[in-house]
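Some notes on the structure that comes next.
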Amino acid sequence: MQYISTRGGIDPVPFTRAVMMGLADDGGLLLPRAIPRIGSETYEEWKQLSYPELAFEIMSRFIDDIPEADLREIINRSYASFDTEQVVPIVHQGPLHIMELFHGPTLAFKDIALQFLGNIFEYLLEKQDSIMNILGATSGDTGSAAIYGVRGKERINIFILHPHGRVSKVQEKQMTTVLDDNVFNIAIRGTFDDGQAIVKAIFNDLDFKEQQNLGAINSINWARVLAQVVYYVHACLHISSHETDKATDFSVPTGNFGDIFAGYIAKRMLPEGTIRKLLLATNANDILSRMVSDGDYSLGDVVATSSPSMDIQSASNFERYLYYLLDEEPDRTRQAMTQFAESGKIDLTDFQTQIQRDFTTEKASEEDVSSTIAEFYKEYGYILDPHTAVGVNCALKHQKKGIPVCCLATAHPGKFGDMVEKSIGKPIELPESIADLLIPGKKSRCELMDADRNLIQDFVRSHARRN
Ligand SMILES: *Cc1c(COP(=O)(O)O)cnc(C)c1O
């Protein structure tokens with residue numbers, strides 16, 4: 001499989017180059033040249049497979065430049081770190097199927113992609129006898145999942161910026177208590193946006209980027225999307241063996257459009273009608289919801305909510321979907337993105353019918369989230385985290401009789417314990433890995449620095465891994 005850029009400015013590259021490139025060299029996003037189609041017969045056969053076996057079947061259709069045995073080994077190792085052999089269990093609560101994506105080391109769904117990406121990086125660097133310095137900014141979940149994806153790896157150092165005092169206690173501890181020599185946490189005196197801007201500026205210094213072999217782990221990396229396609233297929237296989245209706249809807253708590261875009265790829269791969277609708281669930285940061293309901297893709301201000309990993313306006317994966325919407329024409333995609341950069345909006349009113357063939361949308365307010373957590377606990381004894389609760393609230397508003405809805409549970413409730421405890425009115429039992437982090441006196445390592453690009457660049461330079 002070859003990969004092309006949404007902006008058409010690069011020669012096609014194989015998977016391993018696409019992973020190392022992250023963002024395409026022309027500023028676009030990488031996509032497979034064609035989306036493989038899965039026939040009904042193959043699909044039926046997949047019902048017998050374990051999660052890692054299924055992951056191999058799907059990924060190998062997108063990857064033809066890693067030997068089969070090596071790819072299997074990378075996948076197996078990536079999912080062996082999960083706390084259940086099922087990797088992604090699906091539970092049934094009331095009228096909904098809930099797909100628990102939080103059984104990895106940092107208890108959020110980002111582990112599913114970042115455990116895999118960390119192992120792919122390690123494998124490719126070994127082959128190329130090379131090294132990498134990963135630099136990223138986080139508002140909480142991505143940073144810890146990325147750190148756990150590469151901690152202790154020989155050829156990789158990782159530098160993660162987080163806004164000092166603005167991530168949850170659990171998120172902070174998850175990052176700073178990792179004491180491996182190759183992990184550098186930097187708390188900056190500033191916001192997440194300050195961190196993001198610094199990282200962008202450093203990546204734009206192309207000489208520095210090359211000298212230090214800078215690598216990115218943000219959600220635009222194709223390997224992350226690919227790893228996420230797997231669990232949509234896994235859910236369809238599971239649900240179709242439990243329900244008479246073979247079509248499934250998915251409710252996806254959405255921020256950067258990475259997770260739901262993986263659902264869109266799965267929908268196009270699978271036999272017609274296997275996935276019916278992708279329900280785009282948002283909190284008050286509703287640009288994507290407006291896009292689906294009115295074709296209005298225009299930036300608003302970011303509002304802080306109880307589901308912070310979805311407090312995003314400019315969704316970095318949206319360009320991928322736009323490319324398909326614009327008939328896979330790179331020139332039109334580039335123009336639309338230029339227009340967005342200049343005016344902060346793209347008018348998609350002419351594409352309503354097309355968008356609504358695949359997507360539908362609902363929004364959840366802060367009261368909705370809190371009451372959904374409380375009521376779901378009261379009715380079923382099941383505790384939702386605030387992100388999952390956005391999706392569940394939207395699913396309940398949307399659900400039509402007879403069509404199964406699968407809600408993506410994107411984080412363990414213990415990760416956002418304070419908010420959840422307030423909603424259900426009692427303390428929750430923390431998983432061992434979180435309880436352990438919160439023991440007073442637990443050793444941690446972190447640099448506190450001003451949000452100053454030069455200071456941070458110097459720090460990276462002096463702690464970077466060298467060949
Ligand atoms: C990142 C994240 C999301 C949003 O996913 P996107 O791929 O950015 O749309 C939702 N919930 C949790 C817990 C997350 O960490």
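Within region 236-256, the set of residues being within 16 Å of the ligand (Cβ to nearest atom) and modelled with pLDDT of 95 or more comprises 250, 251, 252, 253, 254. Scanning region 376-403 for residues that are surrounded by fewer than 24 Cβ atoms within 10 Å (Cβ to Cβ) and not charged (D, E, K, R) gives 377, 380, 381, 382, 383, 396, 398, 399, 402, 403. Could you list, in sequence order, the residues of region 246-286 that are without any contact (Cβ under 8 Å) to a residue 40 or more places away in the chain and either open to solvent by 10 Å² or more (accessible area, probe 1.4 Å) or over 18 Å from residue 236 (Cα atoms) (or both)? 246, 272, 273, 285 - these are the residues of region 246-286 that are without any contact (Cβ under 8 Å) to a residue 40 or more places away in the chain and either open to solvent by 10 Å² or more (accessible area, probe 1.4 Å) or over 18 Å from residue 236 (Cα atoms) (or both).
Figure legend. Inter-residue proximity from region 310-323: first residues over 22 Å from residue 8 (Cβ atoms) and free of Cβ contacts under 8 Å to residues at least 12 places away in the same chain, second residues away from the ligand (no atom under 12 Å from the Cβ) and of a type outside the set (D, E, K, R), beta-carbon distance below 8 Å, spacing 6+ or different chains. No pairs are indicated. Scanning region 350-393 for residues that are outside any helix (DSSP H, G or I) and over 20 Å from residue 141 (Cα atoms) yields 359, 360, 361, 362, 363, 364, 365, 381, 382.
Scanning region 271-316 for residues that are more than 15 Å from the ligand (Cβ to nearest atom) and charged (D, E, K, R) yields 272, 276, 277, 290, 294, 296, 301.
Scan region 336-359 and tell me whether some residue there is of a type in the set (D, E, K, R) and closer than 27 Å to residue 392 by Cβ. Checked against the condition, which is being of a type in the set (D, E, K, R) and closer than 27 Å to residue 392 by Cβ, region 336-359 yields at least one hit.
Just need a number here: residues in region 398-422 that are within 17 Å of residue 277 (Cα to Cα) and either at pLDDT 95 or above or within 15 Å of the ligand (Cβ to nearest atom) (or both). Number satisfying all stated conditions: 4.
Checking 136, 190 one by one, the residue that is away from the ligand (no atom under 16 Å from the Cβ), touching a residue at least 60 places away in the same chain (Cβ under 8 Å) and open to solvent by less than 40 Å² (accessible area, probe 1.4 Å) is 190 and no other.
The values are calculated or read from the model by the stated rules, or taken from the named source; none is laboratory data. Since this is a predicted model, take the numbers as computed values, not measurements. Positions of Cβ are generated from backbone atoms using ideal geometry, with glycine treated the same way; all protein chains shown enter the neighbour counts. Only protein heavy atoms, including side chains, enter the accessible area calculation; ligands, DNA and RNA are left aside. Shrake-Rupley method; radii C 1.70, N 1.55, O 1.52, S 1.80 Å.
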